[in-house]
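Q: One structure coming up, written as structure tokens, with questions to follow.
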Amino acid sequence: MSTAGTVPADGSSTALALSIEGLQKSFGASAVLKGIDLSMASHEVICLIGASGSGKSTLLRCVNLLEPVNAGRIILWGQDITRPGIDQNAVRRHVGIVFQSFNLFPHMSVLRNITLGPVKALGLPRRQAEDEARALLDRFGLLDKQADYPDRLSGGQQQRVAIVRALAMHPRLMLLDEVTSALDPELVAEVLDVIRELASGGMTMLIATHEMGFARDIANRVCFLAEGRIVEDSPPAELFSNPKDERTQRFLRRIIDAGRL
Amino acid sequence: MTGPPQTSFGAEGRGPRLLSSGRGAVAVSTASTIVVLAGLVLLFWLAPGSAAVRHTFFNPQDMWKSFIGDPKAGYYSVGAALWLNIRMFLAAEVLILILALVIAVVRQSVSPVMFPIRVVSTIYVDVFRGVPLILVIFAIGFGVPALNLGFISTQSAAVYGVLALVLSYSAYVSEVYRAGLNSVHQSQVAAARSLGLSQWTSLRYVILPQAVRNIIPPLLNDFISLQKDTALVGILGAIEANKAAEIFSDTVFNYSSYVVAAILFLLLTIPLARFTDHLIARDRRRRLAGAPA
């Protein structure tokens with residue numbers, strides 16, 4: 001489903017999609033990321049897990065250039081996007097991000113929320129953008145909501161619209177930042193189903209999540225973050241049943257005690 | 001596909017209720033209002049100087065004469081002069097909306113390149129919020145013609161008046177805009193930029209529309225104030241409603257013309273206030289009802 005764009009050249013299935021080298025980020029005196037190394041292939045799904053404040057969200061925001069990095073490099077399909085002078089808007093058009101709090105535009109209808117990016121950033125004719133948006137809404141069972149304003153939708157519907165809004169840009173990489181954390185429990189499943197469908201369609205996704213069961217199902221690899229570093233990076237079966245690092249073991253034990261795994 | 005029917009009834013905000021419901025309450029409030037008003041009118045009527053005041057300020061004949069004007073008798077129509085107030089108001093309003101927005105956006109910018117312009121904007125706002133409007137009108141209205149700058153120095157008093165109003169009010173309105181921009185959460189900026197929208201496009205389509213919705217009441221409040229302050233331009237000799245009323249009273253020695261001017265200004269400002277309420281209610285209705293974009 002990854003439409004070749006203008007920036008990254010090689011979109012073949014074996015290509016390295018994302019490569020992060022020695023990434024550091026601090027806010028004032030507090031260092032949040034202290035040297036992240038991570039690479040992911042096209043069509044791979046990686047889940048980032050870890051306690052709140054471990055730097056999962058910051059890592060995602062760095063990849064989308066919403067946060068400037070202090071040191072290290074982020075390479076997307078062979079292109080260093082952290083080098084000075086990079087066209088940030090061009091990079092962001094290829095990287096979709098979905099936020100914990102949806103962040104839909106409250107003054108626009110669902111349809112306008114979705115078409116704003118394609119029309120204003122990609123320069124698509126409005127008719128074409130609307131047709132594509134309706135097709136996406138239809139695919140996720142939201143077509144009857146196209147004229148509604150976000151305030152009228154349930155949390156689950158809002159988050160699905162937010163995912164559709166990101167998809168409408170034809171991103172090659174999707175970043176999902178704890179997209180179910182703000183939802184009532186009974187609404188979580190409808191959002192996770194959408195993500196599962198994207199994964200089965202081959203979307204490359206980097207997902208920060210607290211849903212361990214979901215991570216185990218969907219991820220090719222799970223990375224455990226602690227104190228600004230990736231302390232463990234393995235396939236889910238291995239990480240969840242046989243964690244090597246002592247901090248991972250402690251974290252998972254707490255999750256299990258809380259009945260979340 | 002407008003809002004569902006219930007919006008004409010329940011969802012439409014009627015504003016805060018001042019009175020508890022029920023017929024008894026309505027009767028009591030009506031009665032008390034009548035008693036208070038009657039008391040005030042009675043006081044006015046029975047005051048020792050009442051007859052003189054009524055003759056000087058509320059003389060129907062003089063009110064009518066000043067309203068229609070009589071150039072041969074040496075005074076202008078207050079009603080016609082109001083047209084100048086309206087034109088000055090409209091011109092100033094458009095310019096203020098633009099200039100104040102530019103200032104607010106500049107002051108909100110973070111780029112180091114903008115630093116000098118940011119300093120200039122801050123000084124501008126500090127100065128023009130601090131200096132009384134009447135002094136600004138004097139300074140522009142008498143200062144600029146004295147500069148002898150050809151075209152710039154040969155404009156009418158109304159043009160200088162509008163210029164002074166724009167300079168003074170833009171400083172205030174830019175602060176209102178700034179409050180509005182700050183009221184839009186940073187996550188909206190992040191969402192817009194994450195779609196690859198440029199800073200300007202994000203501002204234009206995502207941030208500003210939300211900011212303006214949040215500041216419509218204070219913005220309109222400033223414009224109601226602006227409508228009245230167009231009367232100050234009369235001190236430069238522009239024949240606007242207040243100046244026309246002054247000329248009438250100087251000629252006929254009756255102040256009823258001022259009451260006419262006051263009534264005309266009320267007729268201007270009250271619709272604007274109701275229009276503000278209408279906009280707020282419509283926006284709320286639309287967002288809750290899910291109307292088409």
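The values are calculated or read from the model by the stated rules, or taken from the named source; none is laboratory data. Since the structure is predicted, the reported quantities are computational estimates derived from the model, not experimental observations. A quick note on method: Cβ atoms are made from the backbone with ideal geometry, for glycine too, and the neighbour counts reach across all protein chains shown.
Q: Please go through region B:65-82 and pick out each residue that is of a type outside the set (S, T, N, Q) and either within 14 Å of B:Ala262 (Cα to Cα) or surrounded by 14 or more Cβ atoms within 10 Å (Cβ to Cβ) (or both). Lay out the reasoning, then the answer.
A: Pass one, region B:65-82, residues of a type outside the set (S, T, N, Q): B:65, B:67-76, B:78-82.
Hits for region B:65-82 are B:Lys65, B:Phe67, B:Gly69, B:Asp70, B:Tyr75, B:Tyr76, B:Val78, B:Gly79, B:Ala80, B:Ala81, B:Leu82.
Q: For the structure I just gave you, tell me whether A:Asn64 is in contact with a Ser or Thr (Cβ under 9 Å, 6 or more places away or on another chain) and surrounded by fewer than 21 Cβ atoms within 10 Å (Cβ to Cβ).
A: On the way: in contact with a Ser or Thr (Cβ under 9 Å, 6 or more places away or on another chain): yes; surrounded by fewer than 21 Cβ atoms within 10 Å (Cβ to Cβ): no.
When the stated conditions are applied, A:Asn64 does not pass them.
Q: Of (1) out of contact with any Leu (no Cβ under 7 Å at 6 or more places or on another chain); (2) closer than 16 Å to B:Glu175 by Cα; (3) buried (at least 17 other Cβ atoms within 10 Å of the Cβ), B:Ile98 satisfies all except one. Which?
A: B:Ile98 satisfies every listed condition except (3).
Q: Out of everything in region B:251-262 that is in contact (Cβ under 8 Å) with a residue 60 or more places away in the chain and farther than 14 Å from B:Ala81 by Cα, what residue ends up being surrounded by the fewest Cβ atoms within 10 Å (Cβ to Cβ)? Working first, answer last.
A: Of region B:251-262, the ones in contact (Cβ under 8 Å) with a residue 60 or more places away in the chain are B:251-252, B:254-261.
Still in the list and also farther than 14 Å from B:Ala81 by Cα: B:251-252, B:254-256, B:259.
Working: B:Thr251: 15, B:Val252: 18, B:Asn254: 18, B:Tyr255: 20, B:Ser256: 26, B:Val259: 18.
Residue satisfying both the conditions and the ranking: B:Thr251.
Q: Further, regarding this structure: Which residues, taken from region B:202-250, are among the basic types (Lys, Arg) and surrounded by 18 or more Cβ atoms within 10 Å (Cβ to Cβ)? Don't jump to the end; show me each part of the working.
A: So the first thing to find is which residues in region B:202-250 are among the basic types (Lys, Arg), and the list is B:204, B:213, B:228, B:243.
Residues satisfying the conditions are B:Arg213, B:Lys243.
Q: Could I ask something else about it? Can you go through B:Leu219, B:Leu203, B:Leu208, B:Leu226 and tell me which one is over 30 Å from A:Arg152 (Cβ atoms) and either assigned to a helix (DSSP H, G or I) or aliphatic (A, V, I, L, M) (or both)? Write out each step before concluding.
A: On the way: B:Leu219 fails: over 30 Å from A:Arg152 (Cβ atoms); B:Leu203 fails: over 30 Å from A:Arg152 (Cβ atoms); B:Leu208 fails: over 30 Å from A:Arg152 (Cβ atoms).
Only one candidate qualifies: B:Leu226.
Q: Of all residues in region A:45-85, which are touching a Lys or Arg at 6+ places or on another chain (Cβ under 7 Å) and charged (D, E, K, R)?
A: Within region A:45-85, A:Glu67, A:Asp80 meet the criteria.
Q: So for region B:271-291 (the condition being at negative phi, assigned to a loop (DSSP other than H, G, I, E, B), within 14 Å of chain A (Cβ to nearest Cβ) and at pLDDT below 90), does at least one residue qualify?
A: Yes: one or more hits.
Q: Quickly run through region A:67-111 and pick out the residues that are among the charged types (D, E, K, R) and assigned to a loop (DSSP other than H, G, I, E, B).
A: From region A:67-111, those among the charged types (D, E, K, R) are A:67, A:73, A:80, A:83, A:87, A:92-93; that's our starting set.
Selection gives A:Glu67, A:Arg83, A:Asp87, A:Arg93.
Q: Would you mention how many residues in region B:188-204 are within 7 Å of chain A (Cβ to nearest Cβ) and either touching a residue at least 24 places away in the same chain (Cβ under 8 Å) or in contact with a Leu (Cβ under 6 Å, 6 or more places away or on another chain) (or both)?
A: First, pick out the residues of region B:188-204 that are within 7 Å of chain A (Cβ to nearest Cβ): B:188, B:190-191, B:193-198, B:201.
Filter again for either touching a residue at least 24 places away in the same chain (Cβ under 8 Å) or in contact with a Leu (Cβ under 6 Å, 6 or more places away or on another chain) (or both), leaving B:190.
Residues meeting the conditions: 1.
The rows are residues; the columns are (1) charged (D, E, K, R); (2) in contact with a Ser or Thr (Cβ under 9 Å, 6 or more places away or on another chain).
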residue: A:Ala168; (1), (2): no, yes
residue: A:Leu176; (1), (2): no, yes
residue: A:Glu197; (1), (2): yes, no
residue: A:Ser200; (1), (2): no, no
residue: A:Ala208; (1), (2): no, yes
residue: A:Cys223; (1), (2): no, yes
residue: A:Gly228; (1), (2): no, yes
residue: A:Arg254; (1), (2): yes, no
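Q: In addition: Exactly one of these conditions fails for B:Ala241: (1) over 20 Å from B:Ser109 (Cα atoms); (2) of a type in the set (Gly, Ala, Ser); (3) within 14 Å of chain A (Cβ to nearest Cβ). Give me its number.
A: Every condition holds for B:Ala241 apart from (3).
Q: Name the single residue that is farthest from B:Val212 (Cα to Cα) among those in region B:81-126 being touching a residue at least 60 places away in the same chain (Cβ under 8 Å) and of a type in the set (Gly, Ala, Ser).
A: Checking each candidate, the answer is B:Ala81.
Q: Out of B:Val125, B:Val189, which single residue is of a type in the set (Val, Ile, Thr) and under 19 Å from B:Pro218 (Cα atoms)? First the steps, then the outcome.
A: On the way: B:Val189 fails: under 19 Å from B:Pro218 (Cα atoms).
Just one listed residue meets the conditions, B:Val125.
Q: Next question, about the same structure. Could you tell me which numbered condition A:Gly259 fails, if it satisfies all but one of (1) on the phi > 0 side of the Ramachandran plot; (2) under 16 Å from the mean Cα position of the chain (by Cα)?
A: Answer for A:Gly259: the failing condition is (2).
Q: Which residue is nearest to the other protein chains (Cβ to nearest Cβ), if the candidates are limited to region A:117-133 and must be in contact with a helix residue (DSSP H, G or I) (Cβ under 6 Å, 6 or more places away or on another chain) and in a helix (DSSP H, G or I)?
A: Here is the first cut: in region A:117-133, the ones in contact with a helix residue (DSSP H, G or I) (Cβ under 6 Å, 6 or more places away or on another chain) are A:118-120, A:124, A:126, A:129-130, A:133.
Then keep just the ones that are in a helix (DSSP H, G or I); that gives A:118-120, A:126, A:129-130, A:133.
Working: A:Pro118: 9, A:Val119: 9, A:Lys120: 5, A:Arg126: 11, A:Ala129: 12, A:Glu130: 10, A:Ala133: 12 Å.
So the residue we want is A:Lys120.
Q: Whether any residue in region A:153-168 is away from chain B (no Cβ under 11 Å), at pLDDT 95 or above and not in a helix (DSSP H, G or I) is what I want to check.
A: no
Q: Then there's this: When you check A:Ile114 against the structure, is it away from chain B (no Cβ under 14 Å), under 22 Å from the mean Cα position of the chain (by Cα) and not in a loop (DSSP other than H, G, I, E, B), yes or no?
A: Details: away from chain B (no Cβ under 14 Å): no; under 22 Å from the mean Cα position of the chain (by Cα): yes; not in a loop (DSSP other than H, G, I, E, B): yes.
When the stated conditions are applied, A:Ile114 does not pass them.
Q: Could you tell me whether A:Leu206 is touching a Leu at 6+ places or on another chain (Cβ under 6 Å) and under 19 Å from A:Ala51 (Cβ atoms)? Show your work before the answer.
A: Details: touching a Leu at 6+ places or on another chain (Cβ under 6 Å): yes; under 19 Å from A:Ala51 (Cβ atoms): yes.
Yes; evaluated as a whole, the condition is true for this residue.
Q: Ok, one more. Got a number for residues in region A:92-109 being crowded, with 21+ Cβ neighbours inside 10 Å and either closer than 24 Å to A:Thr209 by Cβ or more than 9 Å from chain B (Cβ to nearest Cβ) (or both)?
A: Summing the residues that are crowded, with 21+ Cβ neighbours inside 10 Å and either closer than 24 Å to A:Thr209 by Cβ or more than 9 Å from chain B (Cβ to nearest Cβ) (or both) in region A:92-109 gives 10.
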